[in-house]
Amino acid sequence: MKLTKLLTSAALALGMATGAMADTTKVGFVYVGPVGDGGWTYEHDKGRLAVEAEFGDAVETTYVENVAEGPDAERVMTQMALSGAKLIFTTSFGFMDPTINVAKKFPNVKFEHATGYKTADNVSVYSARFYEGRAIQGTIAGRMTKSNVIGYIGSFPIPEVIRGINSAYIHAKKVNPDVTFKIVWVYTWFDPAKETDAAKALIEQGADVILQHTDSTSVLTAAAEAGNVIGFGQASDMAEYADGPRVSSIIDNWAPYYIERTRAVIDGTWETVNTWDGIGRGMVGIGEITDKVPADVKAEALALKASIASGEYHPFTGPINKQDGSVWLKDGETADDGTLAGMGFYVEGIEGDIPS
Amino acid sequence: MDLTSINPVLLVASLMVAATPILLAAIGELVVEKAGVLNLGVEGMMIIGAVSGFAIAVETGSPLLGFIAAAVGGALLSLLFVFLTQVALANQVASGLALTLFGLGFSALIGQSYVGIRPPATGQLNIPFLSELDVVGPILFSHDLVLYLSIAIVAAVWYMLKFTRAGLILRAVGENHDAAHALGYKVVRIRIMAIMFGGACAGLGGAYISLVRVPQWTEGMTAGIGWIALALVVFASWKPWRVLLGAYLFGGVTVVQLNLQAAGVAIPVEYLAMSPYLITIIVLVILSKDKSSAPASLGRIFHASH
């Protein structure tokens, strides 16, 4: 919270005074939400703790949570860099430009920006192929829905979110041609009350499966209240809802990457990279599929997971048309990473426009 | 686009739920500001109310006790503000901001062991016959008691301010504390009571989020509602019924726009997303063209020596 922010700044200031001589590598983390969100930020913090566990006294980590996407992010990053951080992870799409700006001022500090696409000599980007997990979610959703209406709560209309919608839709449609998607944009990553309102609106309009691309667990709470509605853990397992609405989840596993990159800084081998790993390399995990899902659907989902993990199947494999009916991928063609990274269109069949 | 998929009855019922936290916080702050005190700590008191209400409801299994604890928690936190501004005579803006920061941090600390727990369900009104009515039933007669309480508080505040001697004294303190003091009214004592009332209301509003609207505890879950309540008091020109109107408009348009999005209405989403703020401000600004102004002593520090 804000208080922790103050305390962290104080700790940073202290660190500046004492840390200069010590032989520890300082690693900073900038979070968009609270560590206790149970979702996105929670998983990044698990990655941070894994770094601490791996290197012990050789590293010192600091974090600031609830950093607003915008000018305040630059202030936080600058403060981290000034207080001696050698490596800074900025963990939200909206931190992209602030990261680039601050990185220019501190050429000796390495920056790692999650889910963005702008790199520099000292800025790497990393993300996970969440759309692989969305393919599995879409399959389960398409099989499980009885009303054939699937609700999707989007945060911001950025490529990462649009990719997820497209991937889920393609795979739901594949197993259930009657399926329709209702998409609601809430323009926030974290606002439990608003996420709940959105989930309620979708449920009242007939959705019985809710997919979310926001960070809190409140959507699952709304699904639990409603009764016959299922949902998925987002970014984190959200296993506490497993005996309720949660039937599976997409789990972000940042720990191996964070450890690898921290080691690179310690060894002096850090280079700018553009990492985009998926299920195959373990950056995206699929949470346990509960018994609510019939065995054959579960087997189908797991088979899909296996074929994606082995690289045998790409979730965006043609023939796929864009929303306007023009051909995007020909039969058997798979999407290239460039198009996926900048994806700004819906595939054919999804109704509505993407907000600009 | 399929407007028939929106059920207007469910819509009205859920917009009332969405508006109640803002309404509770705003009506409390209205009384505080009418007494001439600007407390920017609404967000902090709300989140403390949210966590203390949640914790007590979970521990005792009684949502009622939870709501009481939330009101007490909010009022207790406001005592910190009382100490800073009424005893130590510190700047009210800075003290209020500090209260918000403290509330957010402290609630995260005490809430740590409550993440992922479901609170006991808050009972809803169920009057035989009335609650079963077709349209009126779900809208008017099947909410939880706190929602009715929030409307009752608005009515009580309106009556108190307009028709009672206590209300007159409160307003006198807010308009000109020196004159009120000269007349022998206990300015500081009256303000302390107003601030604590505001804290209790904000606490209730916070608990309404964590026990009814979202039913869960998550750090920072008020997510700025306290600030909206603060702005609402100003745009409502410090008038209780306008606060109610503003809160219902804001909550209403928020819920309506999400429903319109889900129904696939062909209005660009970015306009829908900004509509709650825009519509609420426009309506209240038009209403307030009668130039009703802020309490004259709002935010000024009172010391009996002046």
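Out of A:Thr196, A:Thr188, A:Thr221, A:Thr180, I need the residue that is facing chain B (nearest Cβ under 8 Å) and modelled with pLDDT of 90 or more. Which one?
Details: A:Thr188 fails: modelled with pLDDT of 90 or more; A:Thr221 fails: modelled with pLDDT of 90 or more; A:Thr180 fails: facing chain B (nearest Cβ under 8 Å).
Exactly one of A:Thr196, A:Thr188, A:Thr221, A:Thr180 is facing chain B (nearest Cβ under 8 Å) and modelled with pLDDT of 90 or more, namely A:Thr196.
Among the residues of the range A:248-263, those identified as under 12 Å from A:Glu43 (Cβ atoms) and in a helix (DSSP H, G or I) are A:Ala255, A:Tyr257, A:Tyr258. Just so you know, in the range B:263-275 the residues that are crowded, with 16+ Cβ neighbours inside 10 Å, part of a helix (DSSP H, G or I) and at the interface with chain A (Cβ under 7 Å from one of its Cβ atoms) include one that is farthest from the chain's Cα centre (by Cα), and it is B:Ala263. With respect to the conditions (1) out of contact with any strand residue (DSSP E or B) (no Cβ under 7 Å at 6 or more places or on another chain); (2) crowded, with 17+ Cβ neighbours inside 10 Å; (3) of a type outside the set (D, E, K, R), B:Ala166 lacks only one, and its number is (2). Quick check on the range B:47-61. Is at least one of its residues within 19 Å of B:Leu97 (Cβ to Cβ), buried (at least 24 other Cβ atoms within 10 Å of the Cβ), touching an Asp or Glu at 6+ places or on another chain (Cβ under 9 Å) and within 14 Å of another protein chain (Cβ to nearest Cβ)? Within the range B:47-61, one or more residues are within 19 Å of B:Leu97 (Cβ to Cβ), buried (at least 24 other Cβ atoms within 10 Å of the Cβ), touching an Asp or Glu at 6+ places or on another chain (Cβ under 9 Å) and within 14 Å of another protein chain (Cβ to nearest Cβ).
Just one of the numbered conditions (1) of a type in the set (A, V, I, L, M); (2) within 14 Å of another protein chain (Cβ to nearest Cβ); (3) in a helix (DSSP H, G or I) is not true of B:Ala223: (3). The residues of the range A:201-218 that are under 23 Å from the mean Cα position of the chain (by Cα) and within 9 Å of chain B (Cβ to nearest Cβ), listed by number, are A:Leu202, A:Ser216, A:Thr217, A:Ser218. None of A:Val102, A:Val125 is surrounded by fewer than 24 Cβ atoms within 10 Å (Cβ to Cβ) and hydrophobic (A, V, I, L, M, F, W, C) except A:Val125. Apart from one condition, A:Ile210 fits all of (1) touching a residue at least 40 places away in the same chain (Cβ under 8 Å); (2) of a type outside the set (Lys, Arg); (3) surrounded by fewer than 24 Cβ atoms within 10 Å (Cβ to Cβ); (4) not in a loop (DSSP other than H, G, I, E, B); the exception is (3).
Residue check: is A:Glu195 among the charged types (D, E, K, R), under 27 Å from A:Asn321 (Cα atoms) and in contact with a Ser or Thr (Cβ under 6 Å, 6 or more places away or on another chain)?
no
A single member of A:Thr290, A:Thr272 is outside any helix (DSSP H, G or I), in contact with a Ser or Thr (Cβ under 8 Å, 6 or more places away or on another chain), outside the structural domain of A:Asn166 (by TED's automatic domain parsing) and over 22 Å from A:Gly154 (Cβ atoms), and it is A:Thr272.
Just for the range A:36-79: of the residues that are assigned to a strand (DSSP E or B) and either among the hydrophobic types (A, V, I, L, M, F, W, C) or away from chain B (no Cβ under 14 Å) (or both), which one is surrounded by the most Cβ atoms within 10 Å (Cβ to Cβ)? Here the residue is A:Val64. Applying the selection to the range A:187-217, what residues are closer than 18 Å to B:Leu260 by Cα, β-branched (Val, Ile, Thr) and touching a strand residue (DSSP E or B) at 6+ places or on another chain (Cβ under 6 Å)? Answer for the range A:187-217, where residues must be closer than 18 Å to B:Leu260 by Cα, β-branched (Val, Ile, Thr) and touching a strand residue (DSSP E or B) at 6+ places or on another chain (Cβ under 6 Å): just A:Ile210.
Which members of the range B:276-306 meet the condition of being aromatic (Phe, Trp, Tyr) and over 19 Å from the mean Cα position of the chain (by Cα)? If the condition is that a residue be aromatic (Phe, Trp, Tyr) and over 19 Å from the mean Cα position of the chain (by Cα), then B:Phe302 is the only one that fits. A single member of A:Ile150, A:Ile170 is in the same structural domain as A:Lys200 (by TED's automatic domain parsing), buried (at least 22 other Cβ atoms within 10 Å of the Cβ) and more than 28 Å from A:Gly338 (Cα to Cα), and it is A:Ile150.
Within the range B:243-262, the set of residues being surrounded by fewer than 23 Cβ atoms within 10 Å (Cβ to Cβ) and either touching a Gly at 6+ places or on another chain (Cβ under 9 Å) or not hydrophobic (A, V, I, L, M, F, W, C) (or both) comprises B:Tyr248, B:Gly252.
Of the residues making up the range A:299-318, those that are surrounded by 13 or more Cβ atoms within 10 Å (Cβ to Cβ), touching a residue at least 24 places away in the same chain (Cβ under 8 Å) and not aromatic (Phe, Trp, Tyr) are A:Glu300, A:Ala301, A:Leu304, A:Lys305, A:Ile308, A:Ala309, A:Pro315. A search for C-beta distances below 7 Å between a residue of the range B:261-276 that is within 19 Å of A:Ile350 (Cα to Cα) and any residue that is of a type in the set (S, T, N, Q) and modelled with pLDDT of 80 or more, counting only pairs 6+ apart in sequence or on different chains, returns B:Ala262/A:Gln205; B:Ala263/A:Gln205; B:Val269/B:Gln261.
Taking the listed residues B:Ile22, B:Ile27, the one that is away from chain A (no Cβ under 14 Å), closer than 22 Å to B:Tyr277 by Cβ, buried (at least 23 other Cβ atoms within 10 Å of the Cβ) and touching a helix residue (DSSP H, G or I) at 6+ places or on another chain (Cβ under 8 Å) is B:Ile27, with no other qualifying.
Look through B:Leu245, B:Leu284, B:Leu278, B:Leu230 and report the one residue that is hydrophobic (A, V, I, L, M, F, W, C), under 30 Å from B:Gly111 (Cβ atoms) and part of a helix (DSSP H, G or I).
Details: B:Leu245 fails: under 30 Å from B:Gly111 (Cβ atoms); B:Leu284 fails: under 30 Å from B:Gly111 (Cβ atoms); B:Leu278 fails: under 30 Å from B:Gly111 (Cβ atoms).
When all the criteria are applied, what remains is B:Leu230.
The range A:114-207 holds strands (runs of 3 or more DSSP E) entirely within its bounds, and those carrying 2 or more residues that are touching a residue at least 12 places away in the same chain (Cβ under 8 Å) and small (Gly, Ala, Ser) map to A:123-128, A:149-154. Identify, please: which residue in the range B:99-114 is of a type in the set (A, V, I, L, M, F, W, C) and over 19 Å from the mean Cα position of the chain (by Cα) and is, among those, farthest from the other protein chains (Cβ to nearest Cβ)? If we take residues in the range B:99-114 being of a type in the set (A, V, I, L, M, F, W, C) and over 19 Å from the mean Cα position of the chain (by Cα), then B:Ile110 is farthest from the other protein chains (Cβ to nearest Cβ). When B:Leu149 is tested against (1) assigned to a helix (DSSP H, G or I); (2) farther than 30 Å from B:Ala236 by Cα, just one condition goes unmet, and that condition is (2). Does B:Val154 satisfy the criteria of being more than 14 Å from every other protein chain (Cβ to nearest Cβ), surrounded by fewer than 17 Cβ atoms within 10 Å (Cβ to Cβ) and β-branched (Val, Ile, Thr)? Considered against the rule, which asks whether it is more than 14 Å from every other protein chain (Cβ to nearest Cβ), surrounded by fewer than 17 Cβ atoms within 10 Å (Cβ to Cβ) and β-branched (Val, Ile, Thr), B:Val154 comes out as no.
The values are calculated or read from the model by the stated rules, or taken from the named source; none is laboratory data. These figures come from a predicted structure and were not determined experimentally. Cβ sites come from the backbone with ideal geometry, for glycine too, and all protein chains shown count toward neighbours.
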